[in-house]
Amino acid sequence: MEDWKWQMQNQVNTLEKLEEYIKVTEEEADAIRNCETRWGTTPYFVSLMDKENPECPIRRQVIPSKHENVNEFGIENYLVYKENRDNHEQRPDTIARQYKDRIAMTITNHCGIYCRHCFRKELVVDKSMQLRFDVDEGLEWVRQHPELREVLITGGDPFLLPDDQIEYIIRKLREVPHIEMIRFGSRLPIVLPQRITPGLKKVLGQYHKVPIWVNTQCNHAKEITERTAQAIWDLLTCGVNVGNQAVLMKGINDDEHSFQQLHQKLLSIRIRPYYVFYLEPAPGIDHFRTPVEKGAELIRDTLRGHTSGLAQPMYVIATNIGKVPLMPDYYIKEKNEKEYILQNHRGETTTLPNIDDQGCTGLPCFKKEFA
Ligand SMILES: *Cc1c(COP(=O)(O)O)cnc(C)c1O
Ligand code: SF4
(Lines give C-alpha, C1' and ligand atoms only; values in the text may rest on other atoms or scores of the structure.)
(Ligands and ions follow the chains in the order given, each with its own letter.)
Protein backbone atom coordinates (compact mmCIF):
# COMPACT_ATOMS: atom_id res chain seq x y z
CA MET A 1 0.00 0.00 0.00
CA GLU A 2 2.76 2.47 0.92
CA ASP A 3 4.86 1.90 -2.19
CA TRP A 4 3.79 4.41 -4.85
CA LYS A 5 5.14 2.30 -7.68
CA TRP A 6 3.08 -0.63 -6.45
CA GLN A 7 0.05 1.68 -6.45
CA MET A 8 0.68 2.60 -10.07
CA GLN A 9 1.38 -0.98 -11.16
CA ASN A 10 -1.81 -2.17 -9.51
CA GLN A 11 -4.14 0.50 -10.88
CA VAL A 12 -7.81 -0.33 -10.58
CA ASN A 13 -8.79 -0.14 -14.24
CA THR A 14 -10.97 -3.17 -14.97
CA LEU A 15 -14.50 -4.03 -13.94
CA GLU A 16 -13.23 -7.10 -12.08
CA LYS A 17 -10.76 -5.11 -10.00
CA LEU A 18 -13.32 -2.40 -9.27
CA GLU A 19 -15.78 -5.00 -8.01
CA GLU A 20 -13.28 -5.95 -5.30
CA TYR A 21 -13.82 -2.49 -3.81
CA ILE A 22 -17.41 -1.42 -4.46
CA LYS A 23 -20.81 -2.68 -5.51
CA VAL A 24 -20.73 -1.68 -9.18
CA THR A 25 -24.12 -0.73 -10.62
CA GLU A 26 -25.42 -2.04 -13.93
CA GLU A 27 -25.10 1.44 -15.43
CA GLU A 28 -21.47 1.79 -14.31
CA ALA A 29 -20.65 -1.70 -15.59
CA ASP A 30 -22.21 -0.87 -18.97
CA ALA A 31 -20.24 2.35 -19.26
CA ILE A 32 -17.03 0.53 -18.37
CA ARG A 33 -17.69 -2.17 -20.99
CA ASN A 34 -18.40 0.45 -23.66
CA CYS A 35 -15.59 2.80 -22.68
CA GLU A 36 -12.99 3.16 -25.40
CA THR A 37 -10.59 5.28 -23.43
CA ARG A 38 -8.36 4.71 -20.46
CA TRP A 39 -9.90 4.88 -17.04
CA GLY A 40 -8.87 4.00 -13.52
CA THR A 41 -6.75 5.17 -10.65
CA THR A 42 -4.75 3.94 -7.68
CA PRO A 43 -6.03 1.29 -5.23
CA TYR A 44 -5.58 3.94 -2.51
CA PHE A 45 -7.94 6.43 -4.16
CA VAL A 46 -10.47 3.73 -5.09
CA SER A 47 -10.51 2.63 -1.45
CA LEU A 48 -12.07 6.01 -0.61
CA MET A 49 -15.12 5.29 -2.76
CA ASP A 50 -18.52 4.74 -1.18
CA LYS A 51 -19.23 1.03 -1.68
CA GLU A 52 -22.96 1.39 -2.12
CA ASN A 53 -23.68 4.86 -3.47
CA PRO A 54 -23.05 5.48 -7.21
CA GLU A 55 -23.42 9.23 -6.57
CA CYS A 56 -20.19 9.14 -4.53
CA PRO A 57 -18.07 12.08 -5.77
CA ILE A 58 -14.99 9.88 -6.06
CA ARG A 59 -16.87 7.23 -8.05
CA ARG A 60 -18.19 9.86 -10.43
CA GLN A 61 -14.74 11.30 -11.08
CA VAL A 62 -13.18 7.91 -11.78
CA ILE A 63 -15.79 5.58 -13.31
CA PRO A 64 -16.73 6.22 -16.96
CA SER A 65 -20.24 7.36 -17.83
CA LYS A 66 -22.41 6.85 -20.91
CA HIS A 67 -22.79 10.65 -20.99
CA GLU A 68 -19.20 10.99 -22.18
CA ASN A 69 -20.39 10.19 -25.69
CA VAL A 70 -22.65 13.22 -25.68
CA ASN A 71 -21.12 16.52 -26.69
CA GLU A 72 -23.06 19.75 -26.80
CA PHE A 73 -20.73 22.50 -25.57
CA GLY A 74 -17.30 20.93 -26.04
CA ILE A 75 -14.85 22.28 -28.63
CA GLU A 76 -13.17 19.62 -30.78
CA ASN A 77 -9.36 19.65 -30.73
CA TYR A 78 -9.81 21.57 -27.52
CA LEU A 79 -6.17 21.63 -26.42
CA VAL A 80 -4.88 22.96 -29.72
CA TYR A 81 -7.43 25.76 -29.46
CA LYS A 82 -7.02 26.44 -25.75
CA GLU A 83 -3.22 26.38 -25.74
CA ASN A 84 -2.94 28.38 -28.96
CA ARG A 85 -0.94 25.61 -30.54
CA ASP A 86 -1.72 26.65 -34.10
CA ASN A 87 -0.78 30.32 -33.92
CA HIS A 88 2.19 32.11 -35.40
CA GLU A 89 4.60 31.99 -32.47
CA GLN A 90 6.72 28.87 -32.93
CA ARG A 91 7.20 27.02 -29.67
CA PRO A 92 8.36 23.57 -28.63
CA ASP A 93 5.55 21.08 -27.98
CA THR A 94 6.20 21.20 -24.24
CA ILE A 95 5.48 24.93 -23.99
CA ALA A 96 1.99 26.45 -23.67
CA ARG A 97 1.90 30.20 -23.42
CA GLN A 98 -0.81 32.67 -22.50
CA TYR A 99 1.09 35.20 -20.45
CA LYS A 100 4.19 37.28 -20.79
CA ASP A 101 5.98 36.33 -17.60
CA ARG A 102 5.07 32.66 -17.17
CA ILE A 103 4.48 29.55 -19.23
CA ALA A 104 3.15 26.05 -18.69
CA MET A 105 5.51 23.23 -19.56
CA THR A 106 3.87 19.86 -20.26
CA ILE A 107 6.40 17.14 -19.59
CA THR A 108 4.37 13.91 -19.56
CA ASN A 109 1.02 12.47 -20.60
CA HIS A 110 0.97 9.89 -17.78
CA CYS A 111 -1.37 10.51 -14.90
CA GLY A 112 -2.32 8.89 -11.59
CA ILE A 113 -6.00 9.07 -12.40
CA TYR A 114 -7.94 9.47 -15.61
CA CYS A 115 -10.42 12.06 -14.36
CA ARG A 116 -13.65 11.79 -16.30
CA HIS A 117 -13.76 15.61 -16.34
CA CYS A 118 -10.20 16.06 -17.61
CA PHE A 119 -9.97 18.93 -20.11
CA ARG A 120 -6.73 17.42 -21.34
CA LYS A 121 -8.55 14.23 -22.27
CA GLU A 122 -7.07 14.15 -25.79
CA LEU A 123 -3.59 14.16 -24.34
CA VAL A 124 -3.98 12.25 -21.08
CA VAL A 125 -7.00 9.97 -21.33
CA ASP A 126 -7.67 9.19 -25.01
CA LYS A 127 -4.05 9.87 -26.00
CA SER A 128 -5.30 10.91 -29.43
CA MET A 129 -3.07 13.97 -29.23
CA GLN A 130 0.67 13.32 -29.35
CA LEU A 131 3.23 15.77 -28.06
CA ARG A 132 6.99 15.56 -28.14
CA PHE A 133 8.06 15.67 -24.48
CA ASP A 134 11.54 16.98 -25.15
CA VAL A 135 12.46 18.60 -21.84
CA ASP A 136 15.84 19.90 -23.01
CA GLU A 137 14.22 21.64 -25.97
CA GLY A 138 11.71 23.26 -23.59
CA LEU A 139 14.46 24.32 -21.18
CA GLU A 140 16.44 25.86 -24.02
CA TRP A 141 13.37 27.85 -25.10
CA VAL A 142 12.94 29.09 -21.50
CA ARG A 143 16.58 30.16 -21.44
CA GLN A 144 16.05 32.21 -24.59
CA HIS A 145 13.04 34.10 -23.20
CA PRO A 146 14.32 36.50 -20.52
CA GLU A 147 10.85 37.97 -20.01
CA LEU A 148 9.80 34.76 -18.23
CA ARG A 149 9.82 34.73 -14.43
CA GLU A 150 8.04 31.48 -13.74
CA VAL A 151 7.67 28.00 -15.19
CA LEU A 152 4.62 25.91 -14.33
CA ILE A 153 5.38 22.24 -14.83
CA THR A 154 2.38 20.17 -15.72
CA GLY A 155 1.18 17.05 -17.56
CA GLY A 156 -0.41 14.51 -17.14
CA ASP A 157 1.20 14.43 -13.77
CA PRO A 158 4.84 15.55 -13.55
CA PHE A 159 5.34 13.83 -10.17
CA LEU A 160 5.00 10.48 -11.92
CA LEU A 161 8.47 11.04 -13.38
CA PRO A 162 11.37 9.48 -11.48
CA ASP A 163 13.02 11.61 -8.80
CA ASP A 164 16.18 12.12 -10.85
CA GLN A 165 14.25 13.56 -13.80
CA ILE A 166 12.35 15.96 -11.56
CA GLU A 167 15.64 16.93 -9.93
CA TYR A 168 17.16 17.56 -13.38
CA ILE A 169 14.38 19.92 -14.46
CA ILE A 170 14.48 21.86 -11.19
CA ARG A 171 18.26 22.15 -11.31
CA LYS A 172 18.28 23.30 -14.94
CA LEU A 173 15.52 25.85 -14.32
CA ARG A 174 17.36 27.23 -11.30
CA GLU A 175 20.39 27.79 -13.51
CA VAL A 176 18.34 30.16 -15.68
CA PRO A 177 19.00 33.64 -14.27
CA HIS A 178 15.53 35.06 -15.04
CA ILE A 179 13.51 32.23 -13.47
CA GLU A 180 12.33 33.34 -10.01
CA MET A 181 9.93 30.54 -9.13
CA ILE A 182 8.95 27.03 -10.17
CA ARG A 183 5.45 25.67 -9.91
CA PHE A 184 4.23 22.08 -10.24
CA GLY A 185 0.66 21.08 -10.99
CA SER A 186 0.12 17.58 -9.57
CA ARG A 187 -2.90 15.66 -8.41
CA LEU A 188 -0.73 13.00 -6.76
CA PRO A 189 -0.86 14.52 -3.25
CA ILE A 190 -4.59 13.65 -3.46
CA VAL A 191 -4.76 10.44 -5.53
CA LEU A 192 -1.37 9.01 -4.57
CA PRO A 193 -0.03 10.73 -1.42
CA GLN A 194 2.46 7.85 -1.12
CA ARG A 195 4.41 9.59 -3.90
CA ILE A 196 5.67 12.21 -1.46
CA THR A 197 8.60 10.02 -0.45
CA PRO A 198 11.78 10.99 1.42
CA GLY A 199 13.49 10.88 -1.99
CA LEU A 200 11.05 13.35 -3.55
CA LYS A 201 11.28 15.58 -0.48
CA LYS A 202 15.01 15.70 -0.99
CA VAL A 203 14.52 16.75 -4.62
CA LEU A 204 11.94 19.45 -3.82
CA GLY A 205 13.18 20.52 -0.43
CA GLN A 206 15.84 22.67 1.19
CA TYR A 207 16.10 26.42 1.13
CA HIS A 208 16.73 27.92 -2.26
CA LYS A 209 16.15 31.41 -3.51
CA VAL A 210 14.03 30.02 -6.37
CA PRO A 211 11.08 28.56 -4.43
CA ILE A 212 8.88 25.64 -5.41
CA TRP A 213 5.11 25.84 -5.30
CA VAL A 214 2.78 22.89 -5.80
CA ASN A 215 -0.84 23.20 -6.82
CA THR A 216 -2.88 20.07 -6.46
CA GLN A 217 -6.46 19.26 -7.44
CA CYS A 218 -8.97 18.22 -4.81
CA ASN A 219 -12.65 18.53 -5.63
CA HIS A 220 -14.41 17.08 -2.60
CA ALA A 221 -13.74 16.77 1.14
CA LYS A 222 -14.04 13.00 0.77
CA GLU A 223 -10.75 13.00 -1.14
CA ILE A 224 -8.91 14.17 1.98
CA THR A 225 -7.58 11.62 4.49
CA GLU A 226 -5.05 11.40 7.27
CA ARG A 227 -2.63 10.11 4.61
CA THR A 228 -3.20 13.27 2.54
CA ALA A 229 -2.57 15.43 5.60
CA GLN A 230 0.74 13.64 6.15
CA ALA A 231 1.83 14.11 2.50
CA ILE A 232 1.00 17.83 2.62
CA TRP A 233 2.89 18.19 5.89
CA ASP A 234 5.86 16.48 4.27
CA LEU A 235 5.78 18.96 1.38
CA LEU A 236 5.41 21.97 3.65
CA THR A 237 8.14 20.91 6.06
CA CYS A 238 10.62 20.73 3.21
CA GLY A 239 9.71 24.25 2.14
CA VAL A 240 7.16 23.64 -0.61
CA ASN A 241 3.98 25.74 -0.65
CA VAL A 242 0.77 23.86 -1.46
CA GLY A 243 -2.38 25.28 -3.07
CA ASN A 244 -5.51 23.74 -4.54
CA GLN A 245 -7.24 24.10 -7.89
CA ALA A 246 -10.71 22.60 -7.72
CA VAL A 247 -13.04 22.07 -10.66
CA LEU A 248 -16.67 23.00 -10.13
CA MET A 249 -18.80 20.01 -11.14
CA LYS A 250 -22.49 19.26 -11.13
CA GLY A 251 -23.41 16.61 -8.59
CA ILE A 252 -19.92 16.60 -7.09
CA ASN A 253 -19.26 19.90 -5.39
CA ASP A 254 -21.93 22.32 -6.63
CA ASP A 255 -24.07 22.08 -3.50
CA GLU A 256 -23.49 24.51 -0.64
CA HIS A 257 -22.47 21.93 1.93
CA SER A 258 -19.88 20.14 -0.25
CA PHE A 259 -18.45 23.42 -1.50
CA GLN A 260 -17.95 24.93 1.94
CA GLN A 261 -16.73 21.69 3.48
CA LEU A 262 -14.14 21.21 0.73
CA HIS A 263 -12.59 24.61 1.36
CA GLN A 264 -12.62 24.25 5.13
CA LYS A 265 -11.13 20.79 5.03
CA LEU A 266 -8.36 21.89 2.64
CA LEU A 267 -7.25 24.49 5.17
CA SER A 268 -7.44 21.97 8.00
CA ILE A 269 -4.67 19.99 6.26
CA ARG A 270 -2.79 23.21 5.41
CA ILE A 271 -3.68 23.43 1.71
CA ARG A 272 -4.51 26.95 0.62
CA PRO A 273 -7.48 27.14 -1.81
CA TYR A 274 -6.19 28.92 -4.93
CA TYR A 275 -8.63 28.52 -7.81
CA VAL A 276 -12.05 27.06 -8.43
CA PHE A 277 -12.38 26.49 -12.16
CA TYR A 278 -15.50 26.66 -14.21
CA LEU A 279 -15.55 23.39 -16.19
CA GLU A 280 -13.76 24.07 -19.46
CA PRO A 281 -15.55 23.57 -22.79
CA ALA A 282 -13.72 20.35 -23.66
CA PRO A 283 -15.65 17.52 -25.40
CA GLY A 284 -17.49 14.80 -23.51
CA ILE A 285 -17.71 16.42 -20.09
CA ASP A 286 -21.01 18.29 -20.35
CA HIS A 287 -22.63 16.03 -17.75
CA PHE A 288 -20.48 17.79 -15.12
CA ARG A 289 -21.36 21.27 -16.39
CA THR A 290 -23.00 23.88 -14.15
CA PRO A 291 -24.27 27.36 -15.05
CA VAL A 292 -21.36 29.83 -15.13
CA GLU A 293 -22.84 31.84 -12.23
CA LYS A 294 -22.86 28.80 -9.96
CA GLY A 295 -19.31 29.18 -8.66
CA ALA A 296 -19.76 32.88 -7.90
CA GLU A 297 -23.02 32.14 -6.08
CA LEU A 298 -21.36 29.42 -4.01
CA ILE A 299 -18.51 31.72 -3.01
CA ARG A 300 -21.02 34.43 -2.11
CA ASP A 301 -23.33 32.10 -0.17
CA THR A 302 -20.89 29.75 1.56
CA LEU A 303 -17.39 31.23 1.72
CA ARG A 304 -16.97 34.98 1.66
CA GLY A 305 -17.77 36.20 5.18
CA HIS A 306 -19.15 32.81 6.15
CA THR A 307 -15.80 31.19 6.85
CA SER A 308 -12.08 31.90 7.13
CA GLY A 309 -10.69 34.43 4.70
CA LEU A 310 -7.90 31.94 4.03
CA ALA A 311 -10.48 29.54 2.59
CA GLN A 312 -11.36 31.85 -0.31
CA PRO A 313 -10.40 30.68 -3.79
CA MET A 314 -10.60 32.81 -6.91
CA TYR A 315 -13.32 31.56 -9.26
CA VAL A 316 -11.99 31.58 -12.82
CA ILE A 317 -12.48 30.12 -16.26
CA ALA A 318 -9.30 29.06 -18.01
CA THR A 319 -9.63 30.14 -21.64
CA ASN A 320 -7.52 30.44 -24.77
CA ILE A 321 -6.74 34.04 -23.76
CA GLY A 322 -5.82 33.19 -20.18
CA LYS A 323 -7.76 32.85 -16.98
CA VAL A 324 -10.72 35.16 -16.53
CA PRO A 325 -12.10 35.78 -13.02
CA LEU A 326 -15.82 35.16 -12.56
CA MET A 327 -16.10 36.34 -8.97
CA PRO A 328 -19.39 37.45 -7.35
CA ASP A 329 -19.99 41.19 -7.66
CA TYR A 330 -22.69 41.47 -5.04
CA TYR A 331 -20.65 43.80 -2.88
CA ILE A 332 -21.27 47.01 -4.81
CA LYS A 333 -24.99 47.63 -4.45
CA GLU A 334 -24.89 51.11 -5.82
CA LYS A 335 -22.36 53.67 -6.96
CA ASN A 336 -22.80 57.43 -7.43
CA GLU A 337 -20.49 60.46 -7.63
CA LYS A 338 -20.15 60.69 -3.90
CA GLU A 339 -20.15 57.15 -2.62
CA TYR A 340 -20.31 53.42 -3.03
CA ILE A 341 -22.90 51.45 -1.14
CA LEU A 342 -21.38 48.12 -0.18
CA GLN A 343 -23.12 44.97 0.93
CA ASN A 344 -21.78 42.13 3.07
CA HIS A 345 -22.64 38.42 3.24
CA ARG A 346 -25.55 39.09 5.62
CA GLY A 347 -27.09 41.61 3.22
CA GLU A 348 -26.17 44.57 5.45
CA THR A 349 -24.95 47.74 3.73
CA THR A 350 -22.35 50.37 4.44
CA THR A 351 -20.81 53.26 2.47
CA LEU A 352 -17.40 54.12 1.14
CA PRO A 353 -16.47 57.53 -0.29
CA ASN A 354 -16.01 57.57 -4.05
CA ILE A 355 -12.64 59.26 -4.48
CA ASP A 356 -11.79 60.64 -7.90
CA ASP A 357 -8.33 60.77 -9.49
CA GLN A 358 -7.47 64.01 -7.69
CA GLY A 359 -7.60 62.01 -4.50
CA CYS A 360 -8.73 63.32 -1.18
CA THR A 361 -6.78 66.03 0.61
CA GLY A 362 -7.01 64.22 3.91
CA LEU A 363 -9.19 63.43 6.85
CA PRO A 364 -11.09 66.77 7.05
CA CYS A 365 -12.49 66.22 3.53
CA PHE A 366 -13.51 62.69 4.46
CA LYS A 367 -15.19 63.96 7.63
CA LYS A 368 -16.94 66.80 5.84
CA GLU A 369 -18.57 64.50 3.34
CA PHE A 370 -19.26 61.42 5.38
CA ALA A 371 -19.41 62.17 9.11
C1 LIG B 1 -2.97 28.45 -15.92
C2 LIG B 1 -1.80 28.81 -16.72
C3 LIG B 1 -0.76 29.57 -16.15
C4 LIG B 1 -0.76 30.00 -14.70
O5 LIG B 1 -1.71 30.99 -14.44
P6 LIG B 1 -1.85 31.60 -12.98
O7 LIG B 1 -3.01 32.53 -13.07
O8 LIG B 1 -0.56 32.27 -12.67
O9 LIG B 1 -2.11 30.47 -12.04
C10 LIG B 1 0.30 29.91 -16.95
N11 LIG B 1 0.34 29.55 -18.25
C12 LIG B 1 -0.64 28.84 -18.82
C13 LIG B 1 -0.53 28.49 -20.26
C14 LIG B 1 -1.74 28.45 -18.07
O15 LIG B 1 -2.72 27.72 -18.65
S1 SF4 C 1 -5.20 14.76 -12.73
FE2 SF4 C 1 -5.35 16.45 -14.19
S3 SF4 C 1 -4.30 15.72 -16.06
FE4 SF4 C 1 -4.74 13.92 -14.78
S5 SF4 C 1 -6.68 13.17 -15.59
FE6 SF4 C 1 -7.14 14.50 -13.81
S7 SF4 C 1 -7.54 16.53 -14.70
FE8 SF4 C 1 -6.48 15.26 -16.30
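The values are calculated or read from the model by the stated rules, or taken from the named source; none is laboratory data. Treat the numbers as computed from the prediction; the structure is a model and nothing was measured. With ideal geometry, Cβ positions are generated from the backbone for all residues, glycine too; neighbour counts draw on all protein chains shown.
For ASP86, are the conditions met, namely being in a loop (DSSP other than H, G, I, E, B) and touching a Ser or Thr at 6+ places or on another chain (Cβ under 9 Å)? So ASP86 does not fit the description; no.
This table checks each residue for (1) free of Cβ contacts under 8 Å to residues at least 60 places away in the same chain; (2) β-branched (Val, Ile, Thr).
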{"residue": "LYS5", "(1), (2)": "yes, no"}
{"residue": "GLN11", "(1), (2)": "yes, no"}
{"residue": "THR37", "(1), (2)": "no, yes"}
{"residue": "THR41", "(1), (2)": "no, yes"}
{"residue": "TYR44", "(1), (2)": "no, no"}
{"residue": "ASN53", "(1), (2)": "yes, no"}
{"residue": "PRO57", "(1), (2)": "no, no"}
{"residue": "ARG60", "(1), (2)": "no, no"}
{"residue": "HIS67", "(1), (2)": "no, no"}
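Consider region 182-233 and keep the residues that are part of a helix (DSSP H, G or I), touching a helix residue (DSSP H, G or I) at 6+ places or on another chain (Cβ under 9 Å) and farther than 20 Å from LYS5 by Cβ. The one that is nearest to ligand 2 (Cβ to nearest atom) is GLU223.
Evaluate region 93-100: report whether one residue or more is in a loop (DSSP other than H, G, I, E, B) and closer than 29 Å to GLN194 by Cβ. Checking region 93-100: at least one residue is in a loop (DSSP other than H, G, I, E, B) and closer than 29 Å to GLN194 by Cβ.
Restricting region 25-35 to residues that are of a type outside the set (Lys, Arg) and without any contact (Cβ under 8 Å) to a residue 24 or more places away in the chain, the residue that is surrounded by the fewest Cβ atoms within 10 Å (Cβ to Cβ) is GLU26.
Listed by first and then second residue, the pairs linking a residue in region 331-344 that is closer than 16 Å to ALA296 by Cβ and surrounded by 13 or more Cβ atoms within 10 Å (Cβ to Cβ) to a residue that is aromatic (Phe, Trp, Tyr) and modelled with pLDDT under 90, with Cβ atoms under 9 Å apart and 6 or more places separating them unless they lie on different chains, are GLN343/TYR330; GLN343/TYR331.
Between ARG120, ARG102, the distinction of being in the same structural domain as ASP157 (by TED's automatic domain parsing), buried (at least 19 other Cβ atoms within 10 Å of the Cβ) and either within 12 Å of ligand 1 (Cβ to nearest atom) or at positive phi (or both) belongs to ARG120 only. Checking THR349 against (1) surrounded by 14 or more Cβ atoms within 10 Å (Cβ to Cβ); (2) in contact with a Lys or Arg (Cβ under 8 Å, 6 or more places away or on another chain), which single condition isn't satisfied? Among (1) surrounded by 14 or more Cβ atoms within 10 Å (Cβ to Cβ); (2) in contact with a Lys or Arg (Cβ under 8 Å, 6 or more places away or on another chain), THR349 violates only (1).
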